[in-house]
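FYI, it's all coordinate maths here, none of it is from the lab. Fair warning: this is a prediction, and the values are worked out from it, not measured in the lab. Neighbour counts run over all protein chains shown; Cβ positions are idealised from the backbone, glycine included.
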Amino acid sequence: MATRRILLALVAGAAQFAYSEAQTVGRIVLASDERMLSDAGFVPPNNPDQLALNVADWFTGGASGSFLVWSNHPGLTGSQLALAMVSAGHDWTATTAGTFHLGTLLNYDGVFVGGLAADTAVLTEYVNAGGNVYVMAGSGAFADAAEEASAWNPFVQSFGLSLSPVSNGLFGDIAVGDPHPVTAGVNSLAYDDGQSIFELDPNNPNPDTQTLISQPGESLLAVCEFTNNRPPDDSCAAAQPIGNGTTAFSTIGATTDGPLEDHPCQQTGSDIWFLYASPCPGTVFIDLCDSNFDTQVFVYAACPTEPGQALACNDDSCGQQSLVDFFAQGGQTYLIRIGGFEGAQGTGNVTISHTGTQLTGDVNGDGVVDLADLATLLSHFGLGPVPPQTREDGDLDGDGDVDLSDLALLLSDFGTSCV
């Protein structure tokens, strides 16, 4: 189990959420008004540049980051905000070109949205995959406050908060002064009739939820932390051993550890990892056809450090599921990466088969003739020929039954290996 923390900063009429995947800390910043980070808000006594840099530090853990502004609203696209971020060493890209999907967002350490509707399901997937999101409400860019609240509530309500469907009528410069990392050093912020933020269940609040800024009857800033389950094989470094046969898997809750590859296997997210040791030289088949989501599969010789290092990959082979094969060297290990197109998550079965040179007594095809093979043969001993037995049952001479001749073949190879 890993801990994911979500910072919900509810700033006077400007909604903010922060999620950080590094160190399994999730941070979402929800700002209830657009004035705070707009050029109009960069006037004394306000210092919104400090707020913006604090948010960036929370998203990256203090490192220089790359941020996408998916908005055409001056509350997020002003020159003063861009200058503050770039001067601090961050990459700052403001554009709505292209497609708003998980594959795009995963290129960035954080995404700033507001003033323009965005797919809240994609935002939720992004957070679940380890992404960071800043949401700006109170923009006035929608028909009314109710429509703006309905645009963002499907996302923010997933984290226990909700935007008010009416404007709160607050105006002016609001003193901050809270010691929280997001507001540290922030003296004052501009505010212009935003939307207040409230907890969905104020009678049973999360014990880690804390209000940082408030006006009478209005919540303006809050933090919330919670835990999140992730698969044990969530990273390449934690790849789980896997052999031939069928293994159940789940990518639910997985983050993205591998690089964003190019065509024909682009836009992969939410990946898990397996470590496969090839017992013999030959072709290995990896079958994800028995899965309930849009899968992608990759094979690497080692944990990848950049795109283009995959030995093989497949996106759609059996419907939206994947099937790939590659030639494996005997005695070599390979990393198998299973992810979802645009970060799709789900469950399934992965079946691995190996068509390399096989020892006569190797019943289970793992490259070694050992007690496991003997146990399988003995469990079928005396069976056949109707229904006929197969090699996987211990019929090593192919005559349809498992008898002393098959046992003799196995014992002649016992203890040998093809690696």
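Hey, in the GNM for the chain with a 10 angstrom Cα cutoff, which one of PRO165, PRO231, PRO264 fluctuates hardest?
Highest fluctuation among the options: PRO264.
For MET136, MET85, MET36, which order do you get if you count the other beta carbons within 10 Å of each Cβ and list the fewest first?
Working: MET136 33, MET85 21, MET36 30.
Ascending number of Cβ neighbours within 10 Å: MET85, MET36, MET136.
Just name one of THR96, LEU374, GLY114: the one whose Cα is farthest towards the positive end of the charge dipole of the chain (beta-carbon charges, Lys/Arg +1, Asp/Glu -1).
GLY114
Please give, to one decimal in nm, the separation of the simple spin-label points placed at ALA238 and THR305, each 7 Å out from Cα toward the Cβ.
2.3
Between GLY243, GLY89, GLY258, where does the largest GNM mean-square fluctuation fall for the chain, given springs only between Cα atoms within less than 10 Å?
GLY89
Of the listed values (i) 27, 53, 18, 2; (ii) 25, 41, 21, 11, 1; (iii) 22, 36, 21, 17, 3, grab the one calculated as P(r) over Cα pairs in 20 Å bins from 0, in percent from the structure here.
Correct label is (ii).
Among GLY330, PHE142, GLY400, whose Cα projects farthest towards the positive end of the dipole of the chain, with charges put on the beta-carbon of Lys, Arg (+1) and Asp, Glu (-1)?
Ranked along the dipole, the leading option is PHE142.
For a quick check, take a GNM of the chain with Cα springs below 10 Å and name the residue from ILE272, ILE252, ILE28 with the largest mean-square fluctuation.
ILE252
Taking the Cα-to-Cβ direction at CYS318 and at ALA277 and moving 7 Å from each Cα, how far apart do the two end points lie in nm?
2.7
What order do you get for GLU125, GLU306 when you list them from fewest to most C-beta neighbours inside 10 Å?
Working: GLU125 22, GLU306 7.
Ascending number of Cβ neighbours within 10 Å: GLU306, GLU125.
Would you mind getting me the FRET efficiency between ALA184 and GLN266? Use the beta-carbon distance for r and R0 = 45 Å, nearest 0.05.
Taking R0 as 45 Å, the efficiency between ALA184 and GLN266 is 0.70.
At 7 Å along Cα-to-Cβ for each site, give me the label-to-label distance between LEU83 and CYS289 in nm.
6.2
Could you list TYR108, TYR134 in order of exposure, starting from the residue whose Cβ has the fewest other Cβ atoms within 10 Å?
By the 10 Å Cβ count, ascending: TYR108, TYR134.
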